[in-house]
Amino acid sequence: MRKIAVMLLMLLLAEIALSACSTATPNPTSTPTLAPSPTLTPLPSQTQPPTATPTPTEAPTPTPTPTQTDVPFAGFPKDFRLYRAWNNGDETYFYFFQANIIDKLYAKADDYDLVCNPDPLYPHHMQCVAETKIFGEDEMTFTFYTDEARQHPVFSQVFHTGLVNDIIYHHANDCPDRGKDVYCESEYRLYDGRCYYAHTCYDACGLYYSRDNLPEVWNEFQGYTVPCN
């Protein structure tokens, strides 16, 4: 009996021992700890400087060019002509018969600028003024324009101005009264369709002086005509 009890006790102890072995918690396998990988710090991106936005510059507003208005012009009558020309200080005047203009007209005598207006006393006639002294020019081309810029010509003709020193003094009859009681006689002749003048002047002594622009060479004398200078 005692022997059986001892055997049972030994079996019980053995079972307990086996049970302890089967339930023992295994030691955990040690996992090596890896060193942390270096974190790559991104390089700062290069900041582009802000693009300067051009400030729109206001273009200057162009000043409108005043429109040139042509003056009305119906044409000169057929008997339009230069009557005479003269100097007055630093200006030169040209007087035309039978212009019949109603407003200002612009002109050029050769390269000289003229401004023409109706004569306030005799509106059928016209007076043109150059703001310079013209002398030594006899045969001149007159061109008339309806605009101040002188871009629109409407008439052109050659006239003899008489702005030359073509006076001839005669001394055969000199006397103490020379230069007194002066009077002149004038002729206007047509040669080859052009008018020329001849002036002969007398005083208390007799023949005093004369002037003319008669041509030295001509084909046809066509008679006398109205004053052309």
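Tabulated data for the structure shown
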read-out: Test: residue in segment 141-158 that is surrounded by 16 or more Cβ atoms within 10 Å (Cβ to Cβ) and either touching a Lys or Arg at 6+ places or on another chain (Cβ under 7 Å) or acidic (Asp, Glu) (or both); value: yes
read-out: Any hit, segment 155-170, residues being without any contact (Cβ under 8 Å) to a residue 12 or more places away in the chain and within 30 Å of residue 70 (Cα to Cα); value: no
read-out: Positions within segment 182-203 being exposed (fewer than 12 other Cβ atoms within 10 Å of the Cβ) and over 45 Å from the mean Cα position of the chain (by Cα), in sequence order; value: 183, 185
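Every number in this text was worked out from the coordinates using simple rules, so none of it is lab data. Only a predicted model underlies this, so the values are computations on that prediction, with no experimental measurement involved. Counting neighbours? That spans all protein chains shown, and the Cβs are built from the backbone with ideal geometry, glycine included.
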